Amino acid sequence: MKMFLDTNVVVDALVDRGSSHDAARLLLALGDIGEFEIWVSPTQWTDLFNILSEGGRPARRAEVKAKLASVRKAVRVTMMGETEIDRALSSAWEDFEDAVVYQTARTISPDVFITSSKNDFALSEVPVYTPEELFGWLEKEHGVVYAELLQPMESAERKGSAE
């Protein structure tokens, strides 16, 4: 399955925030082992660096680059050029950044678009899911269950110490 991730999903995976953290981390892990073909755009890398390094703070740069290097192992990067920018400029999307990300996503014809902010992609012609919804949809539509992988590691550790 080919999917395109919004920037906020990668941030959720790397920073323990919101309800999407575990599902976003699982998505990246599954991308890393080749279960999914996961894509992002070139501009998202600079956005991720700036968000995670708090505007490029020197004390955060090395750590953030290391985190992004680990993400890079799990995702592919699309091409982006004049066509995608022109489409974004002429689109009805209110948020230009989201329009550029979406138009770039279209270049790879993804099966799904994954975001933590579905409302931002209401105009999408590609099915849009949150990370949690994606796993629910995969179970319902395809009978593939990843829910057990979302179980906290603590329960596995407790089970091991009880033996």
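Residue check: is ALA74 under 21 Å from PHE121 (Cβ atoms), under 15 Å from the mean Cα position of the chain (by Cα), buried (at least 18 other Cβ atoms within 10 Å of the Cβ) and in contact (Cβ under 8 Å) with a residue 40 or more places away in the chain? Answer is no for this residue. Being under 16 Å from ALA24 (Cα atoms), modelled with pLDDT of 90 or more, among the acidic types (Asp, Glu) and within 17 Å of the chain's Cα centre (by Cα) is a property that GLU97 lacks. Would you confirm, using the coordinates I've provided, whether GLU141 is out of contact with any Phe, Trp or Tyr (no Cβ under 7 Å at 6 or more places or on another chain) and at pLDDT below 95? Considered against the rule, which asks whether it is out of contact with any Phe, Trp or Tyr (no Cβ under 7 Å at 6 or more places or on another chain) and at pLDDT below 95, GLU141 comes out as yes. So, PHE135, is that one at pLDDT below 95, within 18 Å of ASN8 (Cβ to Cβ), in contact with a helix residue (DSSP H, G or I) (Cβ under 8 Å, 6 or more places away or on another chain) and of a type in the set (Phe, Trp, Tyr) or not? So PHE135 passes the test.
Can you tell me which residue within segment 1-42, out of those that are β-branched (Val, Ile, Thr) and either farther than 21 Å from THR104 by Cα or out of contact with any Pro (no Cβ under 8 Å at 6 or more places or on another chain) (or both), is surrounded by the fewest Cβ atoms within 10 Å (Cβ to Cβ)? Among residues in segment 1-42 that are β-branched (Val, Ile, Thr) and either farther than 21 Å from THR104 by Cα or out of contact with any Pro (no Cβ under 8 Å at 6 or more places or on another chain) (or both), the one surrounded by the fewest Cβ atoms within 10 Å (Cβ to Cβ) is ILE33. Residues in segment 85-94 that are touching a residue at least 24 places away in the same chain (Cβ under 8 Å) and under 21 Å from the mean Cα position of the chain (by Cα): TRP93 alone.
Residue pairs whose Cβ atoms lie under 6 Å apart, separated by 6 or more positions or on different chains, with the first residue in segment 132-143 and under 14 Å from ALA24 (Cβ atoms) and the second at pLDDT below 90 and of a type outside the set (Gly, Ala, Ser), are PHE135/TYR146.
The values are calculated or read from the model by the stated rules, or taken from the named source; none is laboratory data. Predicted model only: the values in this text are computed from it and were never measured. Glycine also receives a Cβ, built like all others from the backbone with ideal geometry; neighbour counts cover every protein chain displayed.
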